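The values are calculated or read from the model by the stated rules, or taken from the named source; none is laboratory data. Just so it is clear, the structure is predicted and the values come from calculations on it, not from any experiment. Cβ placement follows ideal geometry from the backbone for every residue including glycine, while neighbour counts extend to all protein chains displayed. Protein only, heavy atoms only, side chains kept; ligands, DNA and RNA dropped before computing areas. Shrake-Rupley method; radii C 1.70, N 1.55, O 1.52, S 1.80 Å.
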Amino acid sequence: MALPLAGGPLGFTSVAEHRRAGAPRLLSIVELDPAALAALTAPRPPWAGLDFTRPRIMGVVNATPDSFSDGGRYRDPRAAIEHGLALAAAGADIVDVGGESTRPGAPPVDEAEERRRVVPVVKALAEAGLLVSIDSRHAGVMAAAIDAGARILNDIAALEGPGCLDVAARSGLPIVLMHMRGEPRTMQQAARYDHVLLEVADYLAARLAACGRAGIPAARVALDPGLGFAKTAEHNLVILNHLGLLHGLGCPVLVGASRKGFIGRLSGEAPAHRRLGGSLAAALAGLARGAQLVRVHDVAETVQALAVWQAIAAR
């Protein structure tokens, strides 16, 4: 009686129709518009050479002196390279390299400095055979990382920055579009929504359409709701709980909750390096709602949690 969600192992028999006013309306699958049903059920094609026969793990390498999650532990390129190799050995399918801290309140980084931080790391990891993504919102950094071997563009600004859409279109690479309001220094001041679910989904739909007009097909795009970016803890919980709404856009969904501030607030303000339990809970909640990718700092622990979760679900 159930239909597969995004062609994966999860099934559904009804959907919640969210409206800007009033409570969601529950519809059975037989009541749903055929086009909407097709978007929800169609298998997601391989993305960045990865199929979605299992959830995929993106491991985080912060090549910055001021990362919220590790306090600059990998600011030295050699340390960042070693960390990326270790993440891959622990089971990361993708290693995501960033050179600009985007924590709430973080100041912008000069593009030349950002390139200096990430290019040696991307080059070394790519030459070692890893699937590397570049976490940047700047066209020049994206282009330099592509030349160094990056094979995925992960942009918190959803390619809205000057020149970013052009670089992405010319590259032919897969892309992650994330929802954010404003920029990291001021984004939490913009955490005000009439209906956070619909506003996030509408924004990502608009950016997906902009990509289409630029010659980037939807098959190259994954979508990230941007937990913690211009969102309160309550916004993050609502988005995670109703993640299924994003599947209606027909793209793989990425969840990045790892070590974020809302986990600390929910658990008594534990510092970032002590948020492993909450990070695993949030990752599994996203996967239980059909997310195809999770972006995490603690790869080995996530691999273990995922293996146990899948084994239980298969019985």
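All but one of (1) in contact with a Leu (Cβ under 6 Å, 6 or more places away or on another chain); (2) assigned to a helix (DSSP H, G or I); (3) over 30 Å from G22 (Cβ atoms) hold for L197; which doesn't?
(3)
Those residues that are crowded, with 19+ Cβ neighbours inside 10 Å and among the hydrophobic types (A, V, I, L, M, F, W, C), I need them from region 110-125; list them, please.
At the first step, the residues of region 110-125 found to be crowded, with 19+ Cβ neighbours inside 10 Å are 114-115, 117-119, 121-125.
V118, V119, V121, V122, A124, L125, listed by residue number.
Looking at P225, P217, P184 in this structure, which one is closer than 25 Å to M58 by Cα, crowded, with 21+ Cβ neighbours inside 10 Å and modelled with pLDDT of 95 or more? Quick ask: steps written out before the conclusion?
Details: P217 fails: crowded, with 21+ Cβ neighbours inside 10 Å; P184 fails: modelled with pLDDT of 95 or more.
Every option except P225 fails the conditions.
Out of everything in region 154-163 that is surrounded by fewer than 24 Cβ atoms within 10 Å (Cβ to Cβ) and not small (G, A, S), what residue ends up being nearest to I94 (Cα to Cα)? Spell out the reasoning first.
So in region 154-163, the residues surrounded by fewer than 24 Cβ atoms within 10 Å (Cβ to Cβ) come out as 157, 160-163.
From what is left, the residues that are not small (G, A, S) are 160, 162.
Values: E160: 24, P162: 26 Å.
Restricting to residues being surrounded by fewer than 24 Cβ atoms within 10 Å (Cβ to Cβ) and not small (G, A, S), the top hit is E160.
Restricting to region 256-274, give me the number of residues that are in contact with a Leu (Cβ under 9 Å, 6 or more places away or on another chain) and either free of Cβ contacts under 8 Å to residues at least 24 places away in the same chain or of a type in the set (A, V, I, L, M) (or both).
2
Could you pull out the residue among G98, G84, G105 that is open to solvent by less than 20 Å² (accessible area, probe 1.4 Å) and under 28 Å from T186 (Cα atoms)?
On the way: G84 fails: under 28 Å from T186 (Cα atoms); G105 fails: open to solvent by less than 20 Å² (accessible area, probe 1.4 Å).
Residue meeting the stated conditions: G98.
State all residues of region 33-52 that are under 20 Å from the mean Cα position of the chain (by Cα) and acidic (D, E); if no residue qualifies, say none. It would help to see each step written out before you state the result.
The first filter runs over region 33-52 and keeps only residues under 20 Å from the mean Cα position of the chain (by Cα), leaving 39-40, 43-52.
Within region 33-52, D51 is the sole residue that qualifies.
Could you count how many residues in region 265-275 are within 19 Å of V60 (Cα to Cα) and open to solvent by less than 60 Å² (accessible area, probe 1.4 Å)? Let's see the steps before the verdict.
From region 265-275, those within 19 Å of V60 (Cα to Cα) are 271-275; that's our starting set.
Add one more test, that the residue is open to solvent by less than 60 Å² (accessible area, probe 1.4 Å), and what stays is 271-272, 275.
Selection size over region 265-275: 3.
Any idea which of G228, G277, G250, G286 is part of a helix (DSSP H, G or I) and in contact (Cβ under 8 Å) with a residue 40 or more places away in the chain?
Values: G228 fails: part of a helix (DSSP H, G or I); G277 fails: in contact (Cβ under 8 Å) with a residue 40 or more places away in the chain; G250 fails: part of a helix (DSSP H, G or I).
Answer to the selection: G286.
May I ask you to say which residue of A128, A158 is modelled with pLDDT of 95 or more and over 17 Å from the mean Cα position of the chain (by Cα)? Break it down into steps so the answer makes sense when it comes.
Numbers: A158 fails: over 17 Å from the mean Cα position of the chain (by Cα).
After applying the criteria, what remains is A128.
Could you check, for region 49-71, whether at least one of its residues is surrounded by fewer than 17 Cβ atoms within 10 Å (Cβ to Cβ) and in contact with a Lys or Arg (Cβ under 6 Å, 6 or more places away or on another chain)? Lay out the reasoning, then the answer.
Start the filter on region 49-71 by keeping residues that are surrounded by fewer than 17 Cβ atoms within 10 Å (Cβ to Cβ), which leaves 49, 51, 53-54, 65-66, 71.
Applying the additional criterion that residues be in contact with a Lys or Arg (Cβ under 6 Å, 6 or more places away or on another chain) yields 65.
There is at least one residue in region 49-71 that is surrounded by fewer than 17 Cβ atoms within 10 Å (Cβ to Cβ) and in contact with a Lys or Arg (Cβ under 6 Å, 6 or more places away or on another chain).
Right, A23: assigned to a loop (DSSP other than H, G, I, E, B), free of Cβ contacts under 8 Å to residues at least 24 places away in the same chain and farther than 26 Å from P174 by Cβ or not? First the steps, then the outcome.
Numbers: assigned to a loop (DSSP other than H, G, I, E, B): yes; free of Cβ contacts under 8 Å to residues at least 24 places away in the same chain: yes; farther than 26 Å from P174 by Cβ: yes.
Yes; evaluated as a whole, the condition is true for this residue.
Could you count how many residues in region 289-315 are of a type in the set (A, V, I, L, M) and either assigned to a loop (DSSP other than H, G, I, E, B) or without any contact (Cβ under 8 Å) to a residue 24 or more places away in the chain (or both)?
The first filter runs over region 289-315 and keeps only residues of a type in the set (A, V, I, L, M), leaving 291, 293-294, 296, 299-300, 303, 305-308, 311-314.
Still in the running and either assigned to a loop (DSSP other than H, G, I, E, B) or without any contact (Cβ under 8 Å) to a residue 24 or more places away in the chain (or both): 291, 307-308, 311-312, 314.
Residues that pass the stated criteria total 6.
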